[in-house]
Structure formats: C-alpha cells, structure tokens
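Participant: Have a look at this one before I ask anything.
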Amino acid sequence: MPQPATLSAVASAAAAAVDPDRLVADLAALVRLPSITGDEDAIAASLADRLEALGLEVEVFTPNPADIRVDPAWPGEEVPRTTLPVVLGRAGSAGGRRVVLSGHIDVVPAGDPVTWTLEPFSGEVVGRELYGRGACDMKGGLASILGAVRALRETGALDRLGGELLVALVPSEEDGGQGTLAAIRAGATGDAAIITEPTGLEIVVAHAGAITFELTVPGRAAHASRRTEGVSALANLQVLVGALEADEARRNGAETEPLMAALRLPYPSVIGKVSGGEWASTVMDRLVAEGRYGVRLGQTPDEAADELRACIAAACEADPFLREHPATVQITGARFGSSRVAADHPLPIGLSAVAEAVTGSAPPMVGVPYGCDMRLFVGVGETPCVVYGPGDVRLAHGADERVPLAEVEACARVLAAWVVEELGASRRAEAPRVGRG
C-alpha cells in the first residue's frame, strides 16, 4: 500500500503554528461586521489592516463598477453599488511561481431575526461552532486564510518563500462575482488558486452554474363572476412550471459526468418569486415570475439561456392561448458559469496530499450544484483553481448559520502547509516534499 505523503519540516512547522484562539477571535470579529452585498467597505478596510499587520504588502483598490459592467466577461449583478472594494495582499518573491488564496467578503442579508436562535451578527460560540450570518459562507474561510498567513509569519516561512503568495479578498461574489473579475483584471492570477468557500473540507474540482431570469406571463382579465371568460396568468404559469419541471428532469437525466450525476439534481430550476394581479375579484391578466436556471457543466450562461428560452417557447407553442400570447423571458441578475479542473491535475492532487499529511485523511474530490468564483479564475484568469474550505454549504444563507471551529483550524493548517509545499522556503529540512502527480 502507498504510504501517506510526508511534509517538509518547514511545512509541518507552519501547519503546527496555527493559533486556534486567534482564529476564533478573527472569525468572530469578521462576523460582527455585517458586510451585506453592496456594503463591503468596512470589512475590506478591516481585512486590509489585518493582512498588513501580518506582514503582507497590501493594496486596496476600488474600480469603478461602471467600468466592470462593460467588461466582456461581466458576470452580472443583483445589488446596485457605487463601490467595489478589492483587497490584495502579497508576500514572497514576484516574478516566479505564484499561488492565490481567495475568498469573498460579502454576505447575504440575515432575513427575519425571529427565525434565529442567536442574534444574526453575534459571532457567538456554542459548543465548537461559531454562529452568525456569513460564519459559514464564507468568513470561516477568510479566517482560515488569515490563520495560515499568521502561521507562515510566526515560523518565518513568509519571508523565505521561493515564489509569491497572493491573497485576494473580493466583494460581490453573492450576486455574480464582479469583485473577482476586477481582481483578475488587476493581475490577481497565478499558477494555482484555492477559494475557501464552505466545502466541508472536500476538494471541489467541478461546479455547475446558474442564471436568474424573469418570466412575464400573460392572461386575459375578466370579472371573477365570469371567471371562465377570462384566462388566468396564474394558470398559464402552472403550464410553464410543468414545462420547466420536465426540462429539469431531461437535463439532469442526460448528465454523464460521474461527479455531477452523483448529485442527483446538479442543475435545478426554481421559481422563487411571483407577483401579479391588481384586484381580488379580477382574473389575473399578467404576472411576473423570477427564478433560477441551472448551467450545466461545460455550458456557458448564454447557452443555458438559449435552453431556457427554447423550453418556454415550446411550452407556449403547445398551449392555445400562449401560442397567440407567448410569455417572454429576460435574463437578469447574476450569470454564474460552470467550471472544472481535472481531478488528476497537479493542483487537487497536491492539495489532497497535503491535506492527508496534515489531517490524516485524503479529502474526496467532488462536484457541486452551485456556481462560484472558481469559474472566473479558470475561464478568465487562466489560473487552475479548486474550492476547499470549512463549513457545510447547506447551512449557508439560512437562519442559525454556523461553522465548525475544528474545520476552520484544519483548513488553516492545510493552507499554511500547502503554500510552503507549493512555493518552497529556504532552510528546508531533509524530509521530502509532498509529491504532486
């Protein structure tokens, strides 16, 4: 049987130097800064100060959102904004190999506080979990990055790296990813990147995407007492929802990639919001439905939009009323593309080997049914990228969001060791480096 990978002495020392108490303090402080998407300036400033205190050369830049919107790779947005604060921290030697640690600094709104057991931005620890909006998605991952950099500094490895470490902390991931696009346009690319989104410490090598859409559905008004003389837009929506459900089953059933097929529903479609009608005793003559449509692995958002439009057009053609009065589809908001890195690529292989050496078990390589900034690093920045971080994504965006502190710590230890193994450091001990196939 193959023996577990062996870390260099410098990497082992960096992993061991992670301070759990400082991790908790960092994470609690970050959670207590609300940083709702579109309002990330305060947390960007705080993170810039923290990185600078850890010895990184820090740059905070705020590109004009209008300039990003005209970029050919613009990923959409759902929240109006006037600023786009991006934090970049650098250490090591420029001009050689570069690795990127990245995470988003924005969080979704907390929702109704009555549904929370604890105050949504409390940052309280219960047992061995820290609670609060963003604790899982993804301030636990941000704390892991800070903890890894601190460990590299405490062991002296940060000053002896044989390449460059770039930390890229970005806004606006929750509504599309234009923060990462801005960072990439500013040079935040490299030979390898890890995004510390919540994966339960599994290595994400493939992810689906999603587009948001607005569906305008017509009907014909009539007095409620003459209901049968009208045509309800709500009934017409039911026709279209049935078509979307059949389309969803077809698209998911056709998936042959094992990583995605294992998810059973990698490309869900959903109607999340419906508005319409003007009077309770009038047959509804128009409604607007907003929803999400999955982007298949290997598919662009535009290609997914074409599939969505074809589905709605076919359903309208098959219905007597909608044939003459078809529903319309408009693509709105975020446009998350899909992405993948081969499971046998040196990045996931090397990260898995380091994680096994640090934690005692090799993390599985998986696919996930949601979009993230990985596709921008891979597709726009031409930077091999995986997602690896603490927390269960099923707890993201919900009440009582939380993250296990043991996973935050383990992630920080793995990141610290991985940076050393990827970039090297002077005064390396005799132990061999982790192999990357």
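Participant: Scan region 63-82 residue by residue and report those that are free of Cβ contacts under 8 Å to residues at least 24 places away in the same chain and touching a Leu at 6+ places or on another chain (Cβ under 9 Å).
Facilitator: If the condition is that a residue be free of Cβ contacts under 8 Å to residues at least 24 places away in the same chain and touching a Leu at 6+ places or on another chain (Cβ under 9 Å), then N64 is the only one that fits.
Participant: Can you tell me which of (1) loosely packed, with under 13 Cβ neighbours inside 10 Å; (2) under 26 Å from G176 (Cα atoms) is the one R250 doesn't meet?
Facilitator: (2)
Participant: Another question, then. Checking the condition in contact (Cβ under 8 Å) with a residue 60 or more places away in the chain, of a type in the set (D, E) and not assigned by TED's automatic domain parsing to the domain that holds T199, which residue from D285, D302 passes?
Facilitator: Residue meeting the stated conditions: D285.
Participant: Also: For region 182-200, which residues satisfy the criterion of being within 14 Å of the chain's Cα centre (by Cα) and within 18 Å of R340 (Cα to Cα)?
Facilitator: Answer for region 182-200, where residues must be within 14 Å of the chain's Cα centre (by Cα) and within 18 Å of R340 (Cα to Cα): A193, I194, I195, T196, E197, P198, T199.
Participant: Looking at region 378-404, which of its residues are touching a residue at least 60 places away in the same chain (Cβ under 8 Å), of a type in the set (V, I, T) and surrounded by fewer than 22 Cβ atoms within 10 Å (Cβ to Cβ)?
Facilitator: V380, V393
Participant: Answer yes if at least one residue in region 144-152 is in the same structural domain as F61 (by TED's automatic domain parsing), over 30 Å from S8 (Cβ atoms) and under 23 Å from the mean Cα position of the chain (by Cα), and no otherwise.
Facilitator: no
Participant: Here is a check on your reading of the model: is G350 within 16 Å of L201 (Cα to Cα), crowded, with 17+ Cβ neighbours inside 10 Å and either among the small types (G, A, S) or free of Cβ contacts under 8 Å to residues at least 24 places away in the same chain (or both)?
Facilitator: Numbers: within 16 Å of L201 (Cα to Cα): yes; crowded, with 17+ Cβ neighbours inside 10 Å: yes; either among the small types (G, A, S) or free of Cβ contacts under 8 Å to residues at least 24 places away in the same chain (or both): yes.
Against the criterion (within 16 Å of L201 (Cα to Cα), crowded, with 17+ Cβ neighbours inside 10 Å and either among the small types (G, A, S) or free of Cβ contacts under 8 Å to residues at least 24 places away in the same chain (or both)), G350 qualifies.
Participant: Which residues, counting only those in region 29-69, are of a type in the set (S, T, Y) and surrounded by 15 or more Cβ atoms within 10 Å (Cβ to Cβ)?
Facilitator: Of region 29-69, the ones of a type in the set (S, T, Y) are 35, 37, 46, 62.
If the condition is that a residue be of a type in the set (S, T, Y) and surrounded by 15 or more Cβ atoms within 10 Å (Cβ to Cβ), then S35, T37, S46 are the ones that fit.
For every residue, the table says whether it meets (1) modelled with pLDDT of 95 or more; (2) under 27 Å from D191 (Cα atoms); (3) assigned by TED's automatic domain parsing to the domain that holds R413; (4) in a loop (DSSP other than H, G, I, E, B).
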site: R22; (1), (2), (3), (4): yes, no, yes, no
site: L27; (1), (2), (3), (4): yes, no, yes, no
site: L47; (1), (2), (3), (4): yes, yes, yes, no
site: D71; (1), (2), (3), (4): yes, yes, yes, yes
site: E78; (1), (2), (3), (4): no, no, yes, yes
site: T82; (1), (2), (3), (4): no, no, yes, yes
site: G89; (1), (2), (3), (4): yes, yes, yes, no
site: A94; (1), (2), (3), (4): no, yes, yes, yes
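Participant: Out of E57, E52, E40, which single residue is closer than 28 Å to G132 by Cα, acidic (D, E) and without any contact (Cβ under 8 Å) to a residue 60 or more places away in the chain?
Facilitator: Values: E57 fails: closer than 28 Å to G132 by Cα; E40 fails: without any contact (Cβ under 8 Å) to a residue 60 or more places away in the chain.
Being closer than 28 Å to G132 by Cα, acidic (D, E) and without any contact (Cβ under 8 Å) to a residue 60 or more places away in the chain holds for just one of E57, E52, E40, which is E52.
Participant: If you don't mind, another one. In this structure, does P85 turn out to be at negative phi, buried (at least 19 other Cβ atoms within 10 Å of the Cβ), touching a residue at least 40 places away in the same chain (Cβ under 8 Å) and not small (G, A, S)?
Facilitator: Yes; evaluated as a whole, the condition is true for this residue.
Participant: What's the number of the condition V217 fails, among (1) in contact with a Leu (Cβ under 9 Å, 6 or more places away or on another chain); (2) within 30 Å of E173 (Cβ to Cβ)?
Facilitator: (2)
The values are calculated or read from the model by the stated rules, or taken from the named source; none is laboratory data. The structure presented is a predicted model; accordingly, all values stated were derived computationally and were not measured. Cβ atoms come from the backbone with ideal geometry, glycine included; neighbour counts cover every protein chain shown.
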